[in-house]
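Below: one structure, written as structure tokens.
The values are calculated or read from the model by the stated rules, or taken from the named source; none is laboratory data. For clarity, every value in this text was computed on a predicted model and none was experimentally measured. Using ideal geometry, Cβ is built from the backbone for each residue, glycine included, and neighbour counts are taken over all protein chains shown.
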Amino acid sequence: MSKITVILPIHTVQNNTEAYLKRAVDSVANQKTTPKELLIVHSNETELKELLTSFDWGTTKDYVRLVENTGDTSFQGQINKGVEETTTEYFTFLECDDELSTIWLESGEEYISHYPEVGVFLPIVFETNPEGQFISFTNEAVWAKDFSEEMGYIDNNVLQNFANFNFDGMIVKKEVIDNFGGLKTNMKLTFTYEFLLRMTYNSVPVKVIPKLGYKHTNTREGSLFMEYKETMDPIQSRFWQNQAKKEYFWSEDREITYEQ
Amino acid sequence: MSEQVENLKTALSKIKSKDFGIYFYTIDTKGNPVASVANIYEHVKVLNELGYRAYVLHQQNDYKLYEDENGMGIANWLGEEYANLPHASIEAQQLQVGPSDFLIIPEAFGGLIKETQNFPCKRIVLLQAYEYMLEDLGLGESWQQFGVNDVITTSNTQKDYVESVFRGTNTHVLPVGIPDYFTKNEKPKKPIVAISARDKREILKLVKVFYQKYPHYKFITFRDMSGMARETFATELRDSFLGVWVDDLAGFGTFPIECMKTNTPVVGKIPRMVPEWMGYTDENGNTQLNENGVWTSNLNALPDIVATMVGLYLEGGIPQNLTNGMEETATKYTTEELRNNVETTYTNIVNQRQVELETLLTRLEETESTKTETEVTNN
């Protein structure tokens, strides 16, 4: 059994939620190494609770645990709630419309045993459109020669110039969240980026495992990033980009007021 | 007793007491790591450990043992202990041989075979690259013609080949031994492809085609493995997830074995002479390839095969039959086997030389005895 907990946040029911959730849960069930626990962090929305109660958890029923989040149910808030509930040394998270590759937890275990000093492991993410067709990889660039100071690691200098990392599926040592804070709910759009900046600023080694660990459904209608894409103009996007570079020095989630 | 008989008796006495030299003629690679030279050094090292007086014999006094402003020497790319082995220079007139001594000449030095035909020592050709064995020989010329009958080679395929070209050759097979520092990596492998190619243009072509056809794999690093110190080479190979080998003229093929020993799957172009570890020819004349690597006869297919291997690596799906095949081959060609083979081969060679000299001595003594009897009768 793995020493990694899988956190799966879900806050509302949309079109195809059940089908997507089935696919996500199956990807956990198909892991070569069984996770210690599958934490489903959900809101108190009635329809969602009914769905989760009647849901066929398959073989994950032996280790799935439903956690109702009565606090902040933003994506970041859900993850933070999951981290609070985690009893293992490491955790990963899976968006409800995505999939872990079958080797992800096994690869994570292998890399944890060889690199215990690393606080955050990212997968190479396989980006697809909603039809499952390949779009691109993300996070792979750090393995290119001379991209970062040390091949395979994301450092703060790299992040100053290159923000396009995807932390979906990342395996995190819980201790680094305890020491340097979780995901910031006051950060919009660039909370991923801010998190990585904060980790590297605090000298937490961030390594990309050169394995396709995560299949990310990009541009799905109703997803958080589609919502951002539809509602934010370029000026606002730039604001959050700059804000991430200002906020990462602080572990606490400070109030941020959007100004043009 | 004639001086000739006296010399032969002295030579036999030296052979029996291991008081003779084995000289390995070696080119000065000027600091460039070369597998065939590394193998010669292994022979010299083992023979000295076994109590023989083996020397690396070089032409000029300025043979490059240590690093200078122009690059590495033997000490740097092979190791200090190799630089400390006995060396002798022809220029310094340190080669003085008698009937008990041995001169080992690499296959490419046909000229040296001719020049040394009147030397009193035993001469043996060390054949590592069959492609060069006719270098410096004229049409119709053979090694036997210049007094060389014995050959040491690295594989049975090369043995069969040389014996088919130079009939009547006495061939000893002494496979290459891979140093013990070619071991599996404890840490996971990196997305790096290690390439070894005799023709460097093949490396550039492969990389260019690969990046052109598979732009999403641009993060994959290709590393030319030439010009590295041996231990650095082993470390780099251990880190790589894949090895690529292109050497049409290979006689043995050390690189793929080194890959297998470091648990690095290898993709290779099948050379003109199929190495015995790669496969064999069945009774119908068909080549049967082993599953210890991905072998192709189509050079143009290499970028696509590399891309497939990248995909398998990223998905953690390197086939089990491939890793099993690699492991099986990797158990062979050890330094211990090399040591045993060096001991057996050179003991046989020395014993054969002893028999040759004893036969010669008997004949000479009989001739002298007959001559004395004739003289007595005549008187």
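Does region A:177-187 contain any residue that is out of contact with any helix residue (DSSP H, G or I) (no Cβ under 6 Å at 6 or more places or on another chain), of a type outside the set (A, V, I, L, M) and within 14 Å of another protein chain (Cβ to nearest Cβ)?
For region A:177-187, residues out of contact with any helix residue (DSSP H, G or I) (no Cβ under 6 Å at 6 or more places or on another chain), of a type outside the set (A, V, I, L, M) and within 14 Å of another protein chain (Cβ to nearest Cβ): absent.
For (1) closer than 21 Å to residue B:38 by Cα; (2) in contact (Cβ under 8 Å) with a residue 60 or more places away in the chain, each residue gets a yes or a no:
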| site | (1), (2) |
| --- | --- |
| B:187 | no, no |
| B:200 | yes, no |
| B:204 | no, no |
| B:207 | no, no |
| B:216 | no, no |
| B:220 | no, yes |
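Restricting attention to region B:67-76, does a residue exist that is at pLDDT 95 or above, more than 30 Å from residue B:365 (Cβ to Cβ) and surrounded by 15 or more Cβ atoms within 10 Å (Cβ to Cβ)? Don't jump to the end; show me each part of the working.
Of all residues in region B:67-76, those at pLDDT 95 or above come to none.
So far as region B:67-76 goes, no, none of its residues is at pLDDT 95 or above, more than 30 Å from residue B:365 (Cβ to Cβ) and surrounded by 15 or more Cβ atoms within 10 Å (Cβ to Cβ).
Pick from region B:125-154 the residues that are touching a residue at least 40 places away in the same chain (Cβ under 8 Å) and part of a loop (DSSP other than H, G, I, E, B): which of them is surrounded by the fewest Cβ atoms within 10 Å (Cβ to Cβ)?
B:129
Taking the conditions exactly as written (assigned to a helix (DSSP H, G or I), at negative phi, buried (at least 16 other Cβ atoms within 10 Å of the Cβ) and not hydroxyl-bearing (Ser, Thr, Tyr)), does residue B:54 satisfy them or not? Can you show your working first?
Numbers: assigned to a helix (DSSP H, G or I): no; at negative phi: yes; buried (at least 16 other Cβ atoms within 10 Å of the Cβ): yes; not hydroxyl-bearing (Ser, Thr, Tyr): yes.
No; evaluated as a whole, the condition is false for this residue.
Can you pull out the residues in region A:119-136 that are in contact with a helix residue (DSSP H, G or I) (Cβ under 7 Å, 6 or more places away or on another chain), surrounded by fewer than 24 Cβ atoms within 10 Å (Cβ to Cβ) and within 11 Å of chain B (Cβ to nearest Cβ)?
Scanning region A:119-136 gives a single hit, A:136.
Within region B:208-235, which residues are more than 12 Å from chain A (Cβ to nearest Cβ), over 23 Å from residue B:327 (Cβ atoms), outside any loop (DSSP other than H, G, I, E, B) and not aromatic (Phe, Trp, Tyr)?
The answer is B:208, B:209, B:212, B:213, B:224, B:232.
Kindly indicate whether any position in region A:92-105 is within 8 Å of chain B (Cβ to nearest Cβ), assigned to a loop (DSSP other than H, G, I, E, B) and out of contact with any Ser or Thr (no Cβ under 6 Å at 6 or more places or on another chain).
Step one: of region A:92-105, the residues within 8 Å of chain B (Cβ to nearest Cβ) are A:101, A:103.
The next check asks that each one be assigned to a loop (DSSP other than H, G, I, E, B); those that pass are A:101, A:103.
Filter once more, keeping what is out of contact with any Ser or Thr (no Cβ under 6 Å at 6 or more places or on another chain): A:101, A:103.
Checked against the condition, which is being within 8 Å of chain B (Cβ to nearest Cβ), assigned to a loop (DSSP other than H, G, I, E, B) and out of contact with any Ser or Thr (no Cβ under 6 Å at 6 or more places or on another chain), region A:92-105 yields at least one hit.
With (1) within 13 Å of chain B (Cβ to nearest Cβ); (2) over 27 Å from residue A:180 (Cβ atoms); (3) surrounded by fewer than 14 Cβ atoms within 10 Å (Cβ to Cβ); (4) not aromatic (Phe, Trp, Tyr) as the list, and residue A:116 as the residue in question, which single condition is left unmet?
With respect to (1) within 13 Å of chain B (Cβ to nearest Cβ); (2) over 27 Å from residue A:180 (Cβ atoms); (3) surrounded by fewer than 14 Cβ atoms within 10 Å (Cβ to Cβ); (4) not aromatic (Phe, Trp, Tyr), residue A:116 is out only on (2).
Got a sec? Which helices (runs of 4 or more DSSP H) wholly within region B:280-379 have at least 3 residues that are in contact with a strand residue (DSSP E or B) (Cβ under 9 Å, 6 or more places away or on another chain), over 30 Å from residue B:269 (Cα atoms) and not aromatic (Phe, Trp, Tyr)? Break it down stepwise before answering.
Numbers: elements: B:302-314, B:320-330, B:335-378.
Filter on region B:280-379 gives B:335-378.
Quick check on my filter: what residues within region A:4-41 are touching a residue at least 12 places away in the same chain (Cβ under 8 Å) and among the small types (Gly, Ala, Ser)?
A:24, A:27, A:29
Residue B:347 fails exactly one of the following numbered conditions: (1) more than 14 Å from chain A (Cβ to nearest Cβ); (2) within 26 Å of residue B:247 (Cα to Cα). What is the number of that condition?
(2)
Of everything in region A:137-164, what is within 11 Å of chain B (Cβ to nearest Cβ) and in a helix (DSSP H, G or I)? Give them in sequence order.
Across region A:137-164, the qualifying residues are A:140, A:141, A:142, A:143.
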